[in-house]
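Only one structure is covered here, and it is reproduced in the block below.
The values are calculated or read from the model by the stated rules, or taken from the named source; none is laboratory data. All figures in this text were calculated on a predicted structure; none of them were measured in a lab. Backbone-built Cβ (ideal geometry, glycine too); neighbour counts: all protein chains shown.
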Amino acid sequence: MTKTKENLQEILDAKMAFKIIVDSSVNEGLRDELLQRSITDRRFVTSAEDILSKIRFIIEYGISTEYKENFDTFKSNLENVYEKLESLQTKYRIPKDEIIKLVNGRPLHDVDEVLKNKLEECSEKERRLLDEWKMYSQTLKSIGCEVPELPQGLQELEEEVRKLKTKCLDALGEEGLNILAFLKGERDFPDKISKDDIKKTLEILRPIFVKFLREEVLNA
């Protein structure tokens with residue numbers, strides 16, 4: 001009787017959490033699973049609330065969270081998709097509408113692979129843009145131009161790289177940028193370029209090479 005009273009009291013203490021589960025819009029099978037686990041182990045109530053919160057977040061993207069698999073598989077898929085959506089929004093700041101176009105109407109277990117590919121695409125694009133940002137910003141700094149801080153978000157970074165490239169074009173010219181790309185190993189040496197253009201470009205880039213050589217000597 002003592003144990004039963006304790007169990008009943010724990011259920012009463014967690015009645016608001018149970019009400020949230022009962023009133024949730026998830027399908028009946030999942031709701032029953034969450035209730036049964038919460039009644040069996042009141043410590044699970046927190047997990048149940050977290051699952052419902054993640055579901056509310058995920059369905060905003062049009063993803064189907066229909067409960068068909070066993071509970072552990074469903075929970076794992078849910079957490080994986082949630083983490084990937086969070087990363088796309090917080091780390092890369094991909095617009096929500098763009099993500100919705102990728103996943104709208106897809107079942108939860110299919111979305112994970114789609115989001116994984118999108119994250120890999122974003123990671124590769126970020127790496128390339130960071131390389132360009134570093135190259136352009138260092139070039140501009142070497143000729144006395146101010147460069148803003150590294151922006152956050154993929155689209156913001158892409159826009160800033162475009163602006164820096166335009167500034168470099170104004171300073172070096174198209175041929176100068178071609179030489180810079182050659183020195184980075186990104187393209188062949190330009191076929192048609194005058195001696196004056198080569199000299200002008202190297203004079204502008206000279207501070208970068210001096211700095212690099214000094215760092216190499218110090219680190220040797």
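What to note about this one:
- Residue check, residue 50 closer than 24 Å to residue 27 by Cβ, in a helix (DSSP H, G or I) and acidic (Asp, Glu): yes
- Selection from region 89-106 of residues that are surrounded by 14 or more Cβ atoms within 10 Å (Cβ to Cβ) and farther than 26 Å from residue 165 by Cβ: 89, 99, 100, 102, 103, 106
- Criterion (without any contact (Cβ under 8 Å) to a residue 12 or more places away in the chain, assigned to a helix (DSSP H, G or I) and not assigned by TED's automatic domain parsing to the domain that holds residue 52) met by exactly one of 112, 72: 72
- Filter pass, residue 169 being within 19 Å of residue 144 (Cβ to Cβ), part of a helix (DSSP H, G or I) and modelled with pLDDT under 75: no
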